[in-house]
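Enquirer: Got a structure for you, written out below as C-alpha cells; questions coming shortly.
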Ligand SMILES: [Zn+2]
C-alpha cells in the first residue's frame, strides 16, 4: 500500500484517504469469518462413529487448544476495535462521512481456505498473519492521521516539544504486558524514565484543564491545546500549575515522580484527540 502525503486541498485529501479507509473495512470484514472458524469449526479429526453429530467429544488437550484460540480471538477483537476507532477518526479528518463508509462494499479475497479442511495449526497461522497485518495497517493509518492533523493545526498547538530532558522508552506505547495485571493491555502513553524531581515541560501552548491527584495517574497535569487535542503528564511528584492557567510551550509545569499506578519514577506522557489516545512519537518526531 502506498501512502501519499496529502496537500491542504480537501478534495485531494478525500481521494487519497478513501482507499485506506476501504482497506481497513476490508480487513475488518475478514474478522467474522475468522471468529466462525475459531469457535465453530471442530479442531482435530476425531469422529466417533454412531454418535450423533450434534454431540462432539473433545479431549482435555483439544479443549485447552480451543481455549487458547478463543483467548487469541478475544485479543484480536480488542485490537480491531481500536483500529475501527482509528479508521472512524481518520474518516472524519479526511471529510469522509461514516454513512458513506458503511455503504462501501465489504472487502473480498484474502486467504480463503476451506474451513472444513483447516487444522487448528493452520487456523492459528491465519489468525497470527491477520493480527500482524492489522497492526501494520494501524501503524500506517496513525502516521497518516498525524500528517493530516499537522496540516490542519497551527504549529504552535501541536505537542511537538519533548516534555522532559531524557529520552523516551520507544516500545512503551502500544500493546505490552501490564506490570500490575500480567495481562496484555494497550498502554496509551509514552514513558520517560527519569529521576524523581526531573522537570516536566508543556509540549505545546494551551490551557491547563486539570492539575490533580487520581488513583491511577497519580499527580497529573492535563493541557487542552484546542481542536480536541490534549496532553497528559502523569505520576508527577509535584504539580507546578493550576487548572485554568495558560501555559506556554516548554513551560515548567510539574516534576517527575512515581505517584499513582507506577512501578518507579517516570513521566507517563499522553497525546489525545477528542479523548482517544494518539501515538505521541508521531508528534514529538515532527519537531525534529
Ligand atoms: Zn506509562
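Enquirer: Among the candidates 282, 222, single out the residue that is more than 16 Å from the ligand (Cβ to nearest atom) and touching a residue at least 12 places away in the same chain (Cβ under 8 Å).
Expert: 282
Enquirer: Return the residues of region 161-183 that are surrounded by 12 or more Cβ atoms within 10 Å (Cβ to Cβ) and outside any loop (DSSP other than H, G, I, E, B); say none if nothing qualifies.
Expert: Hits for region 161-183 are 169, 172, 174, 175, 176.
Enquirer: Here is a further query. Do we have residue 265 as within 16 Å of the ligand (Cβ to nearest atom) and out of contact with any helix residue (DSSP H, G or I) (no Cβ under 7 Å at 6 or more places or on another chain) here?
Expert: Against the criterion (within 16 Å of the ligand (Cβ to nearest atom) and out of contact with any helix residue (DSSP H, G or I) (no Cβ under 7 Å at 6 or more places or on another chain)), residue 265 qualifies.
Enquirer: Please enumerate the residues belonging to region 185-213 that are more than 14 Å from the ligand (Cβ to nearest atom) and assigned to a strand (DSSP E or B).
Expert: Once the filter is applied, which keeps residues that are more than 14 Å from the ligand (Cβ to nearest atom) and assigned to a strand (DSSP E or B), region 185-213 yields 199, 201, 206, 207, 208, 209, 210, 211, 212, 213.
Enquirer: Determine if region 232-240 includes at least one residue that is at pLDDT below 95 and not in a strand (DSSP E or B).
Expert: The answer is no; no qualifying residue exists.
The values are calculated or read from the model by the stated rules, or taken from the named source; none is laboratory data. In this text the structure is predicted, and so the values were computed from the model without any measurement. All Cβ positions, glycine included, derive from the backbone under ideal geometry; neighbour counts span all protein chains shown.
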